[in-house]
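This report concerns only the one structure given below.
The values are calculated or read from the model by the stated rules, or taken from the named source; none is laboratory data. Predicted, not measured: the structure shown is a model, and the values here were computed from it. Every residue, glycine among them, receives a Cβ derived from its backbone with ideal geometry; neighbour counts consider all protein chains shown.
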């Protein structure tokens, strides 16, 4: 067994399944883990950067596991960046988390590297709505809020007129959105590939419930272990690498023109994929930290 490490898990609650499993897996391997709410952290921005929690300066850690929810991305990544500036290894770095959370930026980066994507449109002026709809092949199409998570803010428009109505509503809320090709041949199913380092360690197929096109488990979808093709495996690994993530949940859809990436998640939930595949994903994450989690082993050192 490797020497014991002091590992910090940044999470809103120690009771969450993913947080609990990471603590269990790390403890089983002889490490010392502490769970801290990132919103309760505060920082000294100085020539000697420090992080404080409940009136105390946090002791040195060998590694940080960020479990940063989408609603606290700005503050959460600031805390992660502070640890990077202190030379602490972070499982996923602040720049990579921010990059993956920005749906538009992430799709532009993936597109530049030739990753398969659903045809996607992005615009602002209401004068161009009709053309924006036709850019993705017309109805049926998906209209997706840039800030949405877990299937929220994702609407399937069955007709061009319905799409225009949804777009007008989002514009009225001053919200940014994407229009996206609807992959009908996927039949409400997608793949979640769990990437650690440079390999897919587990994959599951998520199937939307009857009458629903979103396969998210939070929306009643079901999950089962899936066998993926070499092309799907390569796409998932490349997408995680382009985002700069050591651990990622890459969501793919099987289209007539090959695998297309829907999203790259920097804090993938472990419950669905561990239960669907029977694999100890938390344990594999801790093993990765044992191999890579050396002090100062960060790409950006908080410079991003």
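Summary of computed values
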| item | result |
| --- | --- |
| All positions within segment 182-241 that are outside any helix (DSSP H, G or I), modelled with pLDDT of 95 or more and within 25 Å of residue 112 (Cα to Cα) | 191, 192, 193, 194, 195, 196, 197, 199, 200, 228, 229 |
| Search result, residues across segment 111-142 that are out of contact with any strand residue (DSSP E or B) (no Cβ under 7 Å at 6 or more places or on another chain), in the same structural domain as residue 162 (by TED's automatic domain parsing) and in a helix (DSSP H, G or I) | 126, 127, 128, 129, 130, 131, 134 |
| Test set (1) in a helix (DSSP H, G or I); (2) in contact with a strand residue (DSSP E or B) (Cβ under 7 Å, 6 or more places away or on another chain); (3) surrounded by fewer than 15 Cβ atoms within 10 Å (Cβ to Cβ) - residue 169 fails condition number | (2) |
| Test: residue in segment 264-276 that is in a strand (DSSP E or B) and out of contact with any helix residue (DSSP H, G or I) (no Cβ under 8 Å at 6 or more places or on another chain) | no |
| Subset of segment 1-11 [surrounded by fewer than 19 Cβ atoms within 10 Å (Cβ to Cβ) and touching a helix residue (DSSP H, G or I) at 6+ places or on another chain (Cβ under 8 Å)] | 2 |
| So residue 245, is it in a strand (DSSP E or B) and surrounded by 18 or more Cβ atoms within 10 Å (Cβ to Cβ) | no |
| Number of the exception - residue 42 against (1) out of contact with any strand residue (DSSP E or B) (no Cβ under 9 Å at 6 or more places or on another chain); (2) under 20 Å from residue 84 (Cβ atoms) | (1) |
| Residue match in segment 149-159 (condition: loosely packed, with under 15 Cβ neighbours inside 10 Å, out of contact with any strand residue (DSSP E or B) (no Cβ under 7 Å at 6 or more places or on another chain), within 29 Å of residue 246 (Cα to Cα) and touching a residue at least 40 places away in the same chain (Cβ under 8 Å)) | yes |
| Leading residue by the ranking (surrounded by the fewest Cβ atoms within 10 Å (Cβ to Cβ)) among those in segment 172-181 that are outside any helix (DSSP H, G or I) and free of Cβ contacts under 8 Å to residues at least 12 places away in the same chain | 174 |
| Checking residue 77 against (1) farther than 30 Å from residue 135 by Cβ; (2) buried (at least 22 other Cβ atoms within 10 Å of the Cβ); (3) touching a residue at least 40 places away in the same chain (Cβ under 8 Å), the condition it does not meet | (3) |
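So that you can scan it fast, the table gives a plain yes or no per residue for (1) under 18 Å from residue 224 (Cβ atoms); (2) in contact with a strand residue (DSSP E or B) (Cβ under 6 Å, 6 or more places away or on another chain); (3) touching a residue at least 24 places away in the same chain (Cβ under 8 Å):
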residue	(1), (2), (3)
251	yes, yes, yes
260	no, yes, yes
264	no, yes, yes
275	yes, no, yes
283	no, no, yes
